[in-house]
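Participant: Have a look at the structure that comes next, please.
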Amino acid sequence: MAHVSGKRHLRRIAAPKTWPIPRKGSYWITRPTPVGIPFDLCMPIILWIRDYLKSVNTRKELKYVLSKGSIEINGKKIRDVSYPAGIFDTIRIVDLDKYYRVSVDDKGKLKLVEIPKEEYGKKIIKIVRKQYVKGGKIQVTGFDGRNFLFNENNIKTGDSLLVNLLENKIEKVIKMEPGNILFFYKGSKAGTFGRLKEIKILHRSFGHTRFLVYEDL
C-alpha cells in the first residue's frame, strides 16, 4: 500500500529561507505540525525556544517545560514540540513572564518581538478568501487558515481583522483603504511599513488585478 500521508521529516538544508536558523548543522530539523499557517511563515516551537531564544538546551528539556504547561501560543497551552508559531502569533513563557510576537525582519526572516502583556493573544489576520455559506452568511478565511462568519457583506479580501484569540472575538475590521498603514512580510520590502495612498484596479477579461500605491514610513 502506498504512503499517502504528509512528510514527517525535513532536511535542514531544505528548510524555508525565512527560518532564522543556520544552514549548516544537524542533517534533520523539526518539521512543523500542519495547522493551516503557510509553511514559510511559521516555525516549530522547539526552534523558537531552544534555537532562537536559547531558553532550553535540549528537546528533552523542552518536553518537560511543555508538560508543565509553561509555553502558550495565543492562549493555548502547547504540548507538541513541533507545534508552529507563525507570523503575528503571540507566545507566552509563563515561568519567565515574557510575551513575544512573531514578526519579520528586513531580510525576510522570521523573528520574535517582545510585547507587553496587554497585547498577548491579539493577532492581525489578513483575509485571503470570501464565500457564501448555508444560511446566507459570509465566510471569510484568513491567511493562517482561520474562518470567520459575518451576517453582512461588509468585508473584502485584502482587508484584515484584529482578533482577540483569548476571548475568541473580532475587535476591529481594518479595511484596505487609503490612509491605513501597511506591513510587508514578503518580498524586497519585507519587514517595513508603508501608508496606502491609492488602489489602482486593472480590469481584465478573466478578472482584475489590484495595485497598491503607497509611501514608505
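The values are calculated or read from the model by the stated rules, or taken from the named source; none is laboratory data. Model, not experiment: these values are computed from the prediction. Note: ideal-geometry Cβ built from the backbone for every residue, glycine included; neighbour counts use all protein chains shown. Calculation scope for accessible area: heavy atoms of the full protein, side chains included, ligands and nucleic acids excluded. Shrake-Rupley method; radii C 1.70, N 1.55, O 1.52, S 1.80 Å.
Participant: What accessible area per residue comes out for the range 178-217, rounded to a whole number of Å², with a 1.4 Å probe?
Facilitator: Value returned for the range 178-217: 75 Å² of accessible area per residue.
Participant: Full extension from Lys189 to Lys137: what is 0.36 nm times the residue separation minus their Cα-Cα distance, to one decimal in nm? Numbers along the way, then the final one.
Facilitator: Values: separation 52, 0.36 × 52 = 18.72 nm, distance 3.60 nm.
Here the answer is 15.1 nm.
Participant: Which one, Asp97, Asp51, Asp40, has the greatest fluctuation when you compute a Gaussian network model over the chain with C-alpha springs under 10 angstrom?
Facilitator: In the Gaussian network model the winner is Asp97.
Participant: Just want to confirm a number: the relative contact order over the chain, from Cα pairs under 8 angstrom separated by 6+ residues, in percent.
Facilitator: Reported relative contact order: 12 percent.
Participant: Specify whether the C-alpha gyration tensor of the range 109-206 places it in the rounded, prolate or oblate class, a ≥ b ≥ c being the square roots of the eigenvalues: rounded for a/c under 1.5, otherwise prolate if a/b is larger than b/c and oblate if not.
Facilitator: Details: a/c = 1.94, a/b = 1.10, b/c = 1.77.
Oblate, since a/c reaches 1.5 and b/c is not below a/b.
Participant: Hey, in the GNM for the chain with a 10 angstrom Cα cutoff, which one of Phe184, Phe88, Phe206 fluctuates hardest?
Facilitator: Taking springs between Cα atoms under 10 Å, the residue moving most is Phe206.
Participant: Tell me, what is a quarter of the convex hull surface for the C-alpha atoms of the range 1-85, in nm² with one decimal?
Facilitator: With every direction weighted equally, the projected area is 6.6 nm².
Participant: What does the accessible area per residue of the range 81-149 come to in Å², with a 1.4 Å probe and no ligands, DNA or RNA counted?
Facilitator: It amounts to 50 Å² per residue over the range 81-149.
Participant: Below 15 angstrom from the Cβ of Lys169, what's the summed charge of the other residues (Lys, Arg +1; Asp, Glu -1)?
Facilitator: Summing Lys/Arg as +1 and Asp/Glu as -1 gives +2.
Participant: With springs only between Cα atoms under 10 Å apart, run a GNM on the chain and tell me which of Gly86, Gly136, Gly194 wobbles the most.
Facilitator: Gly136
Participant: A follow-up question, please. Counting GluC sites (Glu not before Pro) as exposed when in a DSSP loop with at most 13 other beta carbons within 10 Å, what is the longest stretch of the chain free of them?
Facilitator: That gives 1-151 as the longest site-free run.
Participant: I've got another one for you. What trypsin sites (Lys or Arg not before Pro) in the range 19-57 are in a loop by DSSP, with at most 12 other Cβ atoms within 10 Å of the Cβ?
Facilitator: Arg23, Lys24, Lys54
Participant: Cross-link list Lys111/Lys172; Lys7/Lys63; Lys54/Lys189; Lys130/Lys175: which exceed 19 angstrom alpha carbon to alpha carbon?
Facilitator: Details: Lys111/Lys172 25 Å; Lys7/Lys63 22 Å; Lys54/Lys189 29 Å; Lys130/Lys175 14 Å.
Check vs 19 Å cut-off fails for Lys111/Lys172; Lys7/Lys63; Lys54/Lys189.
Participant: Can you send over the carbon and sulfur percentage of the accessible area for the range 1-84, probe radius 1.4 Å, protein chains only?
Facilitator: Ligands and nucleic acids excluded, carbon and sulfur give 56 percent.
Participant: When the accessible area of the range 119-217 is computed with all protein chains present and a 1.4 Å probe, what percentage of it is carbon and sulfur?
Facilitator: On the way: 3220 of 6450 Å².
For the range 119-217, the apolar C and S fraction of the accessible surface comes to 50 percent.
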